[in-house]
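A short worksheet on the structure shown next.
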Amino acid sequence: MTESAIIVCTANTILARAIQWGDVGYGHMAFVKNRGGIYEYWIDARGSGVKKRPPERNLHSGFYISLPYDIEPGVRSFIGRPYNFKGPIARALHFRWHDQNGIYCDQLILAAHRLIGKPVCNEGDEDKATPWTAALMIMAYIRGLTGAPPAVWPI
């Protein structure tokens, strides 16, 4: 069985540490593709932009959210976009910075939801979120869609 999931986790970069400091300890969010319990790849936004990458193996804390729908087409449409370095810094300092070209990790996941017709926040609010608040919005959306809480499990 192939399944889409989101991972919310800690990350060991200066930028992620700043986000983690201001956001319940989670500094990164990514799309992951699971096939039979094995994560095949991630698609995420980080320093080198939006790319498909091998899954990280050295994660210390975080959790997965199983999605009852597939956001991969939405996420893939952003592959090649540059990373928005200013957005997460501005967010960590509690102000907004909108970048028309660049995108950061949780903004990518929220924009992909909107692109496939499953918006989890108001249009234009993707750049206000953090990995933790985006996870809460996604979990609330899934509960509203299915009537049950999503499957969530620790790393």
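The values are calculated or read from the model by the stated rules, or taken from the named source; none is laboratory data. What you see is a predicted model; the values in this text were computed from it and never measured. Because the Cβ atoms are built from the backbone with ideal geometry, glycine has one as well, and the counts that use them run over all protein chains shown.
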- Task: Any chance you could count how many residues in the range 38-81 are touching a residue at least 60 places away in the same chain (Cβ under 8 Å), more than 15 Å from Leu115 (Cβ to Cβ), of a type outside the set (A, V, I, L, M, F, W, C) and not in a loop (DSSP other than H, G, I, E, B)?
- Result: 4
- Task: Return the residue satisfying two criteria in turn: it lies in the range 109-145 and is touching a residue at least 40 places away in the same chain (Cβ under 8 Å) and hydroxyl-bearing (Ser, Thr, Tyr), and of such residues it is farthest from Ala45 (Cα to Cα).
- Result: Thr133
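Residue by residue, here is whether (1) at pLDDT 75 or above; (2) buried (at least 21 other Cβ atoms within 10 Å of the Cβ); (3) over 23 Å from Val120 (Cβ atoms) holds:
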| position | (1), (2), (3) |
| --- | --- |
| Arg17 | no, no, yes |
| Val24 | no, no, no |
| Gly47 | yes, no, yes |
| Arg53 | yes, no, yes |
| Asn58 | no, no, yes |
| Phe85 | no, no, yes |
- Unmet criterion (only one of (1) at pLDDT 90 or above; (2) crowded, with 20+ Cβ neighbours inside 10 Å; (3) acidic (Asp, Glu)) for Asp70: (2)
